[in-house]
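Here's the structure we're looking at; comments come further down.
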Amino acid sequence: MAHLLNTSFIPSSSSSSSPTLRPRNPTILIQTRRPPTRIVAKIREIFMPALSSTMTEGKIVSWMKSEGDKLSKGESVVVVESDKADMDVETFYDGYLAAIMVEEGGVAPVGSAIALLAESQAEIADAKSKAASSSAETTNSAAENVGPTVVAAAAPPQVKEAASLSLSLSTHPASEGGKRVVASPYAKKLAKELKVELGRVVGSGPSGRVVAKDVEAAAAAAVSVGPTAAEAASVAAKSVGVELGTVVPFTTMQGAVSRNMVESLAVPTFRVGYTFTTDALDALYKKIKSKGVTMTALLAKATALALAKHPVVNSSCRDGKSFTYNSSINIAVAVAMDGGLITPVLQDADKVDIYSLSRKWKELVDKARAKQLQPQEYNTGTFTLSNLGMFGVDRFDAILPPGTGAIMAVGASQPTVVATKDGRIGMKNQMQVNVTADHRVIYGADLASFLQTLANIIEDPKDLTF
């Protein structure tokens, strides 16, 4: 569900009126005829909304409406990039989009004004003047903070050239020319499969949004025409990679990850490792893989069933004085993205069947990579999984996300020479995991007991399909 814009009233220039006198004698109140109340139109500030608990600023991806457009309550006005996702933001009120104060690509702190909403068309001019005045005050304040040293002699040509190069290369590779393309999640997925550059596609969806049919049409046109020499040169240039030695600023998501990682250093943690035999789990996966089941869903389900028997491992401590036994088992799973990392959440993983859980996981991954996750789909995790096994990593440690009790790092399942119970040498598939936990709440014996239960489930996974 899209978020609603926060707004506040700003009286217009025509709203001044003399104060109303309240008579003390009630008989005078009855005898006095009050003049008809005059309804005063107002201008509302549209604020940058807080789209997640960790969001401190947001980036304007695109304005879906233009200045002067009439708005209806609940209508999408702007697409905002938070530290987790791109979200359509709706308005609380009817009115007119009078003035846009932060243009597309601009960044604004949470709670700051990004536009003005006029109640009537007559207020639009007044709103524009207020926006211009606010912009001038901000510019003057910035100029005062810079100081007189800036107005020194012009920089040598070579310095200007270097600065220009630095600016041109500071755009993060996840964006396209510094301007994010607004497209449906399926259109983005299709464009990646068909190797269509979304920046060159003209959208036919609402407010110019690129939809699947636009991508298909662009792909068909590219096949019939073929790449030009200039396009071929552009592709070759992009394949070279980033320019070494340049400084690239954090994206909004990278900034959020950085803050979370620093915050996690304040939590006293410890780590426990365990080795699972995965022959039975691998056999089950091969059997039901054709039905759409993923290994991630199997691991999440097994972990959730084990957590149900060890609620302390699913608990969390936020204030350092108490901890909470979480009522739901929500498994967050780390997903790598261009320019960051996000943890979509499989809610109530212990109660959902493995087939529904697998379908939900695929949906969450698609939404995450299209930056379309809603807050409840990424900030409600109670236990986190981080799996690097698909890259051949056999073991690693994970950093505990703030606000959770534990995270499990999962390595690859690999054939291993082991000694059997009868003293012989045999081959078994084994997987190593390392759990990082908050030592204020969870102790070594708690993790050891949890991992033993998880090992029993993985080595005899019959309960995972019920």
**Request:** Mind checking the per residue accessible area of region 388-466 for me, 1.4 Å probe, whole number of Å²?
**Result:** 51 Å²
**Message:** Please compute the volume of the convex hull spanned by the alpha-carbon atoms of region 370-455 and report it per residue in Å³.
**Reply:** 129 Å³
**Magnitude of the charge dipole, region 243-320, Cβ model with Lys/Arg +1 and Asp/Glu -1, debye to 20** = 460 debye
**Rounded percent of accessible protein surface that carbon and sulfur make up, region 306-403, 1.4 Å probe** = 50 percent
**Request:** Give the value in nm², to one decimal: projected area of the alpha carbon convex hull of region 410-466, averaged over all directions.
**Result:** 5.7 nm²
**Asked** Among rounded, prolate and oblate, which fits region 282-343 when a ≥ b ≥ c are the square roots of the eigenvalues of its C-alpha gyration tensor, a/c under 1.5 means rounded, and a/b larger than b/c means prolate?
**Response** oblate
**Average Cα contact separation per residue, region 381-435, under 8 Å, 6 or more apart, as relative contact order %** = 36 percent
**Request:** Take each of the peptides 294-304, 441-451, average the number of other beta-carbon atoms within 10 Å over its residues, and list them starting from the highest.
**Result:** 294-304, 441-451
**Request:** Whole number in Å², please: accessible area per residue of region 287-354, 1.4 Å probe, ligands, DNA and RNA not counted.
**Result:** 45 Å²
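The values are calculated or read from the model by the stated rules, or taken from the named source; none is laboratory data. Note that this is a predicted model, so its numbers are computed, not measured. Heads up, the Cβs are rebuilt from the backbone with ideal geometry, glycines too, and the neighbour counts pull from every protein chain shown. When the accessible area is computed, the model is the full protein with side chains, heavy atoms only, and any ligands, DNA or RNA have been set aside. Shrake-Rupley method; radii C 1.70, N 1.55, O 1.52, S 1.80 Å.
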